[in-house]
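The values are calculated or read from the model by the stated rules, or taken from the named source; none is laboratory data. Small disclaimer: the values here were computed from a predicted structure and weren't measured. When we count neighbours, we look across all protein chains shown, and the Cβ atoms used for this are built from the backbone with ideal geometry, even at glycine. Calculation scope for accessible area: heavy atoms of the full protein, side chains included, ligands and nucleic acids excluded. Shrake-Rupley method; radii C 1.70, N 1.55, O 1.52, S 1.80 Å.
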Amino acid sequence: MTAREMVALMNREDCKVAFAVQREIPAIARAVDAIVAGIRNGGRLIYVGAGSSGRMAVLDAAECQPTFGTPPKLVQALIAGGGRAITRAVEGAEDGVRHAERELRTRNLTRNDVVVGVTASGTTPYVLAALRFARGRGATTVAITSNRKTAVVRMAKIVIAAEVGPEVLTGSTRMKAGTAQKMVLNMLSTATMARLGHVYENLMIDVVQTNEKVAKRALRILAEASGRSVSAAEHALRATGHDLRVALVMLKRGVGVGAAKRLIAGAGGNLRRALGE
């Protein structure tokens, strides 16, 4: 095959992924509801995976804190082989049953936690052991897989099985299966954070302003959300110490910093209620 023929074939196969994920929307929505309920009761979202599946999980967990302003421990990811497995293959790591159990034991799982096992094959021992341990502790278990007819289905309360079919490169689940996993993880974390109030309309109202680029983005977000000018948004951000939530209440309710903070506190942190919406 020529290079063009190769990539055209990959693209045709990739087009099937979104439809495979679409068929799992009911299960994905159930998982979001479970995660939201768990976090509201003091629980955490904990991803578990090995190899490329684990790296997808690590990526999604790592993005939650800067995107949604959540505490570092609220969304976590465990990968077989530990931190070094993020950038290189660790031989035999996915077979580390005891390691999976030990990692979860140190996190003192409760029934309010949700453990999401990510495994394309549905047979990864590390993930199966983690789900078995989590189930024994009463935590909610979710599986993200590409194969419904495997052991992981029996370990999880909620099964998200986007069956994407054989890979172009046989057995290379970093391809279609990995794309499906990324899409599902995006849905789980983003929908969960929206339900928890970390999103205002379609804007990242809790984005962490860690660099100049994000600071400029925060300014645009505030101007758009408030319907005020960029200069008014800039003034409000400076007055609040770059707190987007407080600045938005200031601008939309026409109050000062102290009054805005009291409105948010009186609404129990619920931004829409503080805005009177």
* Asked: Ignoring ligands, DNA and RNA, what percent of the accessible area of region 1-108 is carbon or sulfur (1.4 Å)?
  -> 55
* To do: Quickly estimate the mean residue ellipticity at 222 nm for the chain, helices only: each DSSP H run with n ≥ 4 gives -39500 (n - 2.57), and the total goes over all residues, rounded to 500.
  => -16500 deg cm²/dmol
* Using modelled amide H (1.01 Å from N, peptide plane; none on Pro or chain starts), what sits under 5 Å from the amide H of VAL159, excluding residues fewer than 5 places away? -> ALA143
* Please report the Cα spread of region 209-277 along all three principal axes, rounded to whole Å, starting with the longest. => 32, 23, 19
* Structure fact -> When the charge dipole of the chain is computed with +1 at the Cβ of Lys and Arg and -1 at the Cβ of Asp and Glu, the Cα pointing farthest to the positive end, of VAL249, LEU188, ILE35, is that of VAL249
* Set the Förster radius R0 to 30 Å, insert the Cβ-Cβ distance between ARG238 and MET6 as r into 1/(1 + (r/R0)^6), and round the FRET efficiency to 0.05. => 0.05
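Express the relative contact order of region 129-277 as a whole percentage, based on alpha carbon pairs under 8 Å and six or more residues apart in sequence.
RCO, region 129-277: 11 percent.
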* For the chain, taking Cα atoms only, what is the radius of gyration to one decimal and the Dmax to the nearest whole Å? -> 21.1, 67
* Asked: Nearest 10 degrees, 0 to 90: what angle lies between the long axis of helix 212-226 and the longest principal axis of the chain (Cα atoms)?
  -> 60
* Got a sec? Charge dipole of the chain, +1 on Cβ for Lys and Arg, -1 for Asp and Glu; which of LEU263, VAL207, ALA89 is way out at the positive end? -> LEU263
* Asked: Nearest 10 degrees, 0 to 90: what angle lies between the long axis of helix 244-253 and the longest principal axis of the chain (Cα atoms)?
  -> 40
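Please state, as a whole number in µm²/s, the translational diffusion coefficient that the Stokes-Einstein equation yields for region 125-189 at 25 °C and 0.890 mPa s, with Rh defined as the Kirkwood radius across alpha carbon pairs.
195
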* region 32-171 - Debye-derived log10 I(q)/I(0), Cα point model, q = 0.11, 0.15, 0.18 Å⁻¹ -> -0.36, -0.68, -0.99
* Structure fact -> Over region 1-145, with neighbouring protein chains present, the accessible area per residue in Å² at probe 1.4 Å is 49
